[in-house]
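Visitor: I am attaching a structure below and will ask some questions about it afterwards.
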Amino acid sequence: MLFDPLARAPDLRRLAETEARFEGRIILATDRLAALVEERPADVWVRLAFDQGPRQRPRVRGEVAAEVTCLCQRCHEPFRYLLQGTWELVFAASDEEARILGEEGVDSCHETGPLDVAAMIEDELMLALPMAPRHEPACASLMQADTAPHPFAALKGLFARDGRDK
């Protein structure tokens, strides 16, 4: 199902107090992820759970998955890649509280207004992208396809004649 309540900026406190849960598919409206992959995902599966986190601040726990088309950095051929991510984020009332939570090892951000859930989901997908997408190790590399002789191959013979190869 495509759920619409998340498209509207929901009230974080209310979601946390009611321990709201959402699961379903959404369509990303922006081009931020599309700029990083060859083909944007048709839809994104997402599961979100809201509750009270540390210091009684609103918290969201999420899972996301989407299939995208990436360009292999070895052979420069497109391939399908499953992006998956999980996260937990606490919404702090101030920058100072966010800093304190960070020192306690809690991922947090300063709550500055209504939550843009679609942007948060897209952020997590972008974080799940590999630095250098590649096929499995069996893909043909452009470097391996080069059959030209090694430029220093002739030097091996010089060392052997001088007796310096020991």
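Visitor: Quick one: count up the residues across region 8-37 that are assigned to a loop (DSSP other than H, G, I, E, B), under 23 Å from the mean Cα position of the chain (by Cα) and surrounded by 15 or more Cβ atoms within 10 Å (Cβ to Cβ).
Guide: Qualifying residue count for the region: 3.
Visitor: Right, next: Looking at (1) within 18 Å of A16 (Cα to Cα); (2) in contact with a Ser or Thr (Cβ under 8 Å, 6 or more places away or on another chain), can you tell me which one P78 breaks?
Guide: Answer for P78: the failing condition is (1).
Visitor: Looking at region 38-56, which of its residues are within 25 Å of D107 (Cβ to Cβ) and over 15 Å from the mean Cα position of the chain (by Cα)?
Guide: If the condition is that a residue be within 25 Å of D107 (Cβ to Cβ) and over 15 Å from the mean Cα position of the chain (by Cα), then R47, L48, A49, F50, D51, Q52, G53, P54, R55, Q56 are the ones that fit.
Visitor: OK, next. Kindly provide the set of residues from region 78-107 that are more than 24 Å from M131 (Cα to Cα), of a type outside the set (A, V, I, L, M) and in a strand (DSSP E or B), ordered by number.
Guide: Of region 78-107, the ones more than 24 Å from M131 (Cα to Cα) are 90-106.
Checking the rest, the ones that are also of a type outside the set (A, V, I, L, M) come to 91, 94-97, 99, 102-105.
Residue satisfying the conditions is F91 alone.
Visitor: Just to be sure, is A66 part of a strand (DSSP E or B), touching a strand residue (DSSP E or B) at 6+ places or on another chain (Cβ under 6 Å), surrounded by 15 or more Cβ atoms within 10 Å (Cβ to Cβ) and not aromatic (F, W, Y)?
Guide: When the stated conditions are applied, A66 passes them.
Visitor: Restricting attention to region 128-140, does a residue exist that is over 26 Å from R13 (Cα atoms), at pLDDT below 70 and either among the aromatic types (F, W, Y) or surrounded by 10 or more Cβ atoms within 10 Å (Cβ to Cβ) (or both)?
Guide: Yes, there is a match, as at least one residue in region 128-140 is over 26 Å from R13 (Cα atoms), at pLDDT below 70 and either among the aromatic types (F, W, Y) or surrounded by 10 or more Cβ atoms within 10 Å (Cβ to Cβ) (or both).
Visitor: Select from region 41-61 the residues that are surrounded by fewer than 20 Cβ atoms within 10 Å (Cβ to Cβ) and charged (D, E, K, R) and write down the one among them that is farthest from P133 (Cα to Cα).
Guide: So the residue we want is R55.
The values are calculated or read from the model by the stated rules, or taken from the named source; none is laboratory data. This structure is a prediction, so every number in the text was calculated from the model and none was measured. Cβ atoms come from the backbone with ideal geometry, glycine included; neighbour counts cover every protein chain shown.
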